[in-house]
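Reading through the C-alpha cells given below for one structure.
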Amino acid sequence: MFLKNLIAITLFTLPLGACTSNAPISYNTAAWKYAPSGNIEKPELIVDERSYKLGGIGAFGELVNIGIKKLALSAASLPEDMDAIIDEAKNVAKRNNVEIYREDDFLVTDLFPASVTEGKHVLLIYQGETKQEYLDLKVQKEQLIESNQYTDKARKEIARRFGEMLSYPEWKIDELISSNVGCL
C-alpha cells in the first residue's frame, strides 16, 4: 500500500502542471560534453509539450492497467491542442490496455481550482466501469445543485468520492479540499 501511495503522490502533479511547459524538444546524447573534471555534462532536458502530455498519458495508463490507480487524468488542454494528440493518445491507451474518454465538461469539485480545466479538455484514463462511475458522480453533483443541496457536506462528499476514484490517499484528498475550498 505504501508503494502504491508513493507512486500515486509522486505522479499526482503531472497532469496539472503539464500545461505550463512550452519548451522545444532537445535531448541529444551527442551533445553531452566531458567537463575538465572528467565528468559528463548533460544538457538541460527539454521536452516539447506534445511529447510530455503523451508520456503522461502512457505513464498513467500503466498505473491504471496494473491497478495502482482506478482513474487517471491527462493534462488539461485547449481543444485544439487535444485535437493534435487525440489519435496518438488512443494508440498509447491501447498499448497500455486502458480506455480514454475525452471530457469537455470536466467535473469541477473542491479538489482542484476550476481555472485548471476551464475551457479545456481532459482525457479520463480508466478501465471497466470507471467512466460510468465518473459520469454518475457528475449527474449526482448536478442534481444536488438543482435542488440547492450542493453545500458544505454534500460538496465535500462529491470531492472526496472523486479523489477516491483518482486513488488519492485520504490525507491528500483532505489537503486538496482544504486548499481549494472557494476556488470554484
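The values are calculated or read from the model by the stated rules, or taken from the named source; none is laboratory data. As the structure is a computational prediction, the values presented were derived from the model and not from experiment. In this analysis, Cβ positions are derived from the backbone assuming ideal geometry, glycine residues included, and neighbour counts consider all displayed protein chains.
The set of residues in region 67-120 that are in contact (Cβ under 8 Å) with a residue 40 or more places away in the chain and among the hydroxyl-bearing types (S, T, Y) comprises S74, S77, T109, S115, T117. Looking only at region 67-79, decide whether some residue is of a type in the set (D, E, K, R) and at pLDDT below 95. No, every residue in region 67-79 fails to be of a type in the set (D, E, K, R) and at pLDDT below 95. Considering (1) part of a strand (DSSP E or B); (2) more than 22 Å from N180 (Cβ to Cβ); (3) out of contact with any helix residue (DSSP H, G or I) (no Cβ under 6 Å at 6 or more places or on another chain), the lone condition that K131 does not fulfil carries the number (1). The single condition from (1) out of contact with any Cys (no Cβ under 9 Å at 6 or more places or on another chain); (2) not in a loop (DSSP other than H, G, I, E, B) that S115 fails is (1). Taken as a whole, region 144-159 holds no residue that is within 21 Å of G56 (Cα to Cα) and without any contact (Cβ under 8 Å) to a residue 24 or more places away in the chain.
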